[in-house]
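A short write-up of the structure that comes next.
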């Protein structure tokens, strides 16, 4: 691994100043499960690594008027086991518990999972159906980015140089909402998802409102509005014909690629299989 | 960049100067001579480098040593007490859960972290806890049996 300098600031001013340095490759560090392997392979070449775990609020989780605030440096295992997360945002607990294996989940953080912006990451589909808001802080102060606008492409996102993710706001979901996340990978534990599907539904005046998000089948994790509209238009619980149509629409909205983990064709088949499982799961809980 | 850090490893305090880019695994093995954590894939896939960091199993190949400043670390060297093997070590021997042995220290630390937190694990709990530890010899069956047996014996001793 190429040498770099490491700092662990306790306030944002110092952290942002370190990360904003011109002419240097600067990286924030939280769980290190992306940074260390990438730096060792010299795919990332940091000059300066800034450990953000001691910054105020990054290791916090609390209820606010807006919903649940989750600090960016909360780990996957902390999120998966949290009674607060499970109370109304369980689909995120399911996503977090699907990441890697136990050793990785003890270190990998939710902020890092979205900052790395892998299309195959396990928490983004859940965050998309929960309509999470990313709280970022940088040289120009704090701003909020809806998760739907955060991902720009494989490993690309809306963060600017010097900006770090401070935390996520998970808005209170509609009354009675239930969610389900299903994913498939080559090895249970350790490997990235081949396909991930998150589904959330809630009772509305007539029938139910539905949200569906897919991971690992497009340049970014995506919502599939047409499939959602089809499910939500059903007068009550969607029947087999409606579910099949929605699945077809979700598959049509995806843009999977062939890669080392699976072919595009297999991914399309798996969207159908996993979405059906997730919808059936949700229907059972509604 | 050098950092003076303090680590409490298996109950003993160590002060060591570490480079920013050195991992906990390399500092344990090469600077402190604690060699039970093994260098396997160095990519978070195999679990051979697993240590318990502040009560939780982690891949020491993916922790910067400087990040661990002030932490408590447990490795397989600390399992036996006063010449007596830990019940997990005894169970691994009894059940022939060791063949080449390369994965064993990592398996032991993942299993110990599980039993510290959950003394009555189900088979599924054991499988989830060990999912990050690869073994290319045993087929896992004997390892799972050993962990179950150790849990039973540890409970009986209480």
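Every number here is computed from the coordinates shown, using simple stated rules; none is lab data. Since this is a predicted model, take the numbers as computed values, not measurements. In this analysis, Cβ positions are derived from the backbone assuming ideal geometry, glycine residues included, and neighbour counts consider all displayed protein chains.
Rounded to the nearest 500, what is the protein assembly as shown's calculated 222 nm mean residue ellipticity when only DSSP H runs of at least 4 contribute -39500 (n - 2.57) each, over all residues?
Values: 15 runs with 142 residues, N = 444.
Value at 222 nm, helices only, nearest 500: -9000 deg cm²/dmol.
Please report the base-10 log of the normalised intensity I(q)/I(0) for chain B, using a Debye sum with one equal scatterer per alpha carbon and no solvent, at each q in 0.19 (1/Å).
With no solvent term, the Cα-only Debye profile gives -1.15.
Need one number: the % of Cα-Cα pairs in region A:121-199 sitting beyond the 14 Å mark. Could the numbers behind the result be given before it?
Numbers: 2089 of 3081 pairs.
The proportion of pairs with Cα distances above 14 Å equals 68 percent.
Could you tell me whether region B:2-78 comes out rounded, prolate or oblate from its Cα gyration tensor? Rule is a ≥ b ≥ c as square roots of the eigenvalues, rounded for a/c under 1.5, then prolate if a/b exceeds b/c, otherwise oblate. Numbers along the way, then the final one.
Working: a/c = 1.59, a/b = 1.21, b/c = 1.31.
Oblate shape, in that a/c is at least 1.5 and b/c is the bigger or equal ratio.
Using alpha carbons only, what's the Rg to Rh ratio of region A:1-157 with Rh from Kirkwood? Display every interim value, and only then the final one.
On the way: Rg = 15.3 Å, Rh = 16.2 Å.
Ratio of gyration radius to Kirkwood radius for region A:1-157: 0.95.
Please compute the Kirkwood hydrodynamic radius over region B:87-157, one decimal place, Å, based on all pairs of different Cα atoms.
Values: mean 1/r = 0.0853 Å⁻¹.
Answer for region B:87-157: a Kirkwood hydrodynamic radius of 11.7 Å.
Stokes-Einstein diffusion coefficient for the protein assembly as shown at 25 °C in a medium of 0.890 mPa s, Rh from the Kirkwood formula over Cα pairs: what value in µm²/s?
Values: Rh = 23.0 Å.
Calculated translational D: 107 µm²/s.
Where a ≥ b ≥ c are the square roots of the eigenvalues of the C-alpha gyration tensor, would you call region B:31-110 rounded, which needs a/c under 1.5, or, failing that, prolate if a/b is larger than b/c, or oblate? Display every interim value, and only then the final one.
Details: a/c = 2.17, a/b = 1.40, b/c = 1.55.
Oblate, because a/c is 1.5 or more while a/b does not exceed b/c.
Given a Förster distance of 45 Å, report the FRET efficiency between residue B:17 and residue B:85 from their Cβ-Cβ distance, rounded to the nearest 0.05. Before the final figure, lay out each step's value.
Values: r = 34 Å, r/R0 = 0.75.
In this case the efficiency is close to 0.85.
Between residue B:154 and residue A:244, what FRET efficiency follows from the Cβ-Cβ distance if R0 is 56 Å, with the result rounded to 0.05?
Efficiency for this residue pair is about 0.60.
Please compute the Kirkwood hydrodynamic radius over region A:201-286, one decimal place, Å, based on all pairs of different Cα atoms.
Numbers: mean 1/r = 0.0758 Å⁻¹.
For region A:201-286, the Kirkwood estimate is 13.2 Å.
Which of rounded, prolate or oblate describes region A:162-257 when judged by the alpha-carbon gyration tensor and an a/c cut-off of 1.5?
Details: a/c = 1.97, a/b = 1.30, b/c = 1.52.
Since a/c reaches 1.5 but b/c is at least a/b, the shape of region A:162-257 is classed as oblate.
Quick one: of the DSSP bridges fully inside chain A, what percent are antiparallel, nearest 5? All intermediate terms of the calculation are to be shown ahead of the outcome.
Numbers: 40 of 47 bridges.
Restricted to chain A, the bridges split so that about 85 percent are antiparallel.
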